[in-house]
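First up is the structure itself, then whatever we jot down about it.
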Amino acid sequence: MMNWLDSHCHINDKAFKDDLESVLENMVTNDVTKAMIISSYIEDFYYALNIEHEKIAFKRSLGIYPGDVNDVDEELFERFAKLYEDERCIAIGEIGLDYYWVKDNKERQKEIFERQLALAVELDKPIIVHSREAIQDTYDLIKKYPVKGVMHCYSDSAEMAKEFVKLGFYISIAGPVTWKKAKEPLRVIENVALDRLLIETDCPYLTPAPLRGRRNEPAYVVYTGQKICEHLCLDEEDFKKQLNENYHRLFGL
Ligand SMILES: [Zn+2]
């Protein structure tokens, strides 16, 4: 049997500080044996390096989150840039643009995003992109750089997803595809080639049905994976195999 994987989780978040061991055991029980741990802060990255389990292959990424750019001075930017060179930092992210939470610093967000795009090209590392209510600007900036990566927790149109795929990007699907009112996420999975799809939890947020309302955790990625299989009439083992191939290809593993 193939394993499941979670291409984007925040188990280094304080939401898991009291029961991380049992969260990892739940992963093993549910065959979720690969996961990318995302850090938006340097101390979280160092903490993530210490999260290990003999039956789970963890990888880690670091990036300046768009919602934090107002707090990033030159000195801090350089500290991030230095860590991007670390071989334990597999990808740069999550980086991108977020006009939902903060609208009055778009230029600053673009500047920090672009500087990180340039570093990704220079270091030849994939990026993990966060984009909220900013898809066109995100696309326009990415298009300027010969970079590969994944649109994390993709929540925009199927048409736009296809444009990102044309740029060589992967589309990662999170819990919302399982929710009752999901329409566009289903169109997205119908329209993106299987060799460009990934799945994730983005835990502790975005818990899939039927557990919506609780804290999310990597083991629940199975609900998202099964929903996609059900909707596209895929064999679960085939889909898991495809996900593993995509994950390895994207992150150079
Ligand atoms: Zn995230």
Cβ-Cβ distance below 6 Å, separation of 6 or more or different chains: which pairs start in the range 150-165 with a residue that is touching a residue at least 24 places away in the same chain (Cβ under 8 Å) and assigned to a strand (DSSP E or B) and end on one that is within 16 Å of the ligand (Cβ to nearest atom) and among the polar types (S, T, N, Q)?
Val150/Ser172
May I ask you to verify whether Asp6 is acidic (Asp, Glu), modelled with pLDDT of 95 or more and either crowded, with 18+ Cβ neighbours inside 10 Å or within 14 Å of the ligand (Cβ to nearest atom) (or both)?
yes
Pairing a residue in the range 12-36 that is at positive phi with any residue that is at pLDDT 95 or above, where Cβ atoms lie under 7 Å and the two sit 6 or more apart in sequence or on different chains, gives Asp31/Asn3; Asp31/Trp4
How many of the residues in the range 177-204 are touching a His at 6+ places or on another chain (Cβ under 8 Å) and without any contact (Cβ under 8 Å) to a residue 24 or more places away in the chain?
0
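Please determine, by comparing only the residues of the range 134-149 that are outside any helix (DSSP H, G or I) and within 16 Å of the ligand (Cβ to nearest atom), which one is nearest to Glu87 (Cα to Cα).
Filtering the range 134-149 for residues that are outside any helix (DSSP H, G or I) and within 16 Å of the ligand (Cβ to nearest atom), the one nearest to Glu87 (Cα to Cα) comes out as Gly149.
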Condition first: away from the ligand (no atom under 14 Å from the Cβ), crowded, with 18+ Cβ neighbours inside 10 Å and more than 30 Å from Gln136 (Cα to Cα). Can you find one or more residues in the range 81-103 that meet it?
no
Ala48 buried (at least 17 other Cβ atoms within 10 Å of the Cβ), modelled with pLDDT of 95 or more and touching an Asp or Glu at 6+ places or on another chain (Cβ under 6 Å)
no
In the set Lys162, Lys241, Lys166, Lys227, which member is farther than 24 Å from Glu94 by Cα, surrounded by fewer than 20 Cβ atoms within 10 Å (Cβ to Cβ) and not aliphatic (A, V, I, L, M)?
Lys241
Condition test on Ile228, is it part of a helix (DSSP H, G or I) and among the hydrophobic types (A, V, I, L, M, F, W, C)?
yes
Residue hits (the range 29-44; among the hydroxyl-bearing types (Ser, Thr, Tyr), surrounded by 17 or more Cβ atoms within 10 Å (Cβ to Cβ), within 16 Å of the ligand (Cβ to nearest atom) and farther than 11 Å from Cys9 by Cα) are Ser40
Can you pull out every residue in the range 205-224 that is surrounded by fewer than 17 Cβ atoms within 10 Å (Cβ to Cβ), touching a residue at least 60 places away in the same chain (Cβ under 8 Å) and out of contact with any helix residue (DSSP H, G or I) (no Cβ under 9 Å at 6 or more places or on another chain)?
none
Condition set within 18 Å of Ile11 (Cα to Cα) and among the charged types (D, E, K, R), scope the range 189-211, selection farthest from the ligand (Cβ to nearest atom): answer is Glu200
Here the residues within the range 112-152 that are surrounded by fewer than 24 Cβ atoms within 10 Å (Cβ to Cβ) and under 21 Å from Thr178 (Cβ atoms) are Arg132
Which members of the range 90-128 meet the condition of being hydrophobic (A, V, I, L, M, F, W, C), touching a residue at least 60 places away in the same chain (Cβ under 8 Å) and under 16 Å from Tyr145 (Cα atoms)?
Ala91, Ile127, Ile128
Could you tell me whether the range 57-65 includes any residue that is without any contact (Cβ under 8 Å) to a residue 60 or more places away in the chain and farther than 19 Å from Ile128 by Cβ?
no
Is there a residue being touching a Cys at 6+ places or on another chain (Cβ under 8 Å), farther than 20 Å from Ile228 by Cα and more than 16 Å from the ligand (Cβ to nearest atom) anywhere in the range 112-132?
yes
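The values are calculated or read from the model by the stated rules, or taken from the named source; none is laboratory data. Everything numeric here is computed off the predicted structure, so don't read it as measured data. FYI the Cβ positions are ideal-geometry reconstructions off the backbone, even for glycines, and counts take in every protein chain you see.
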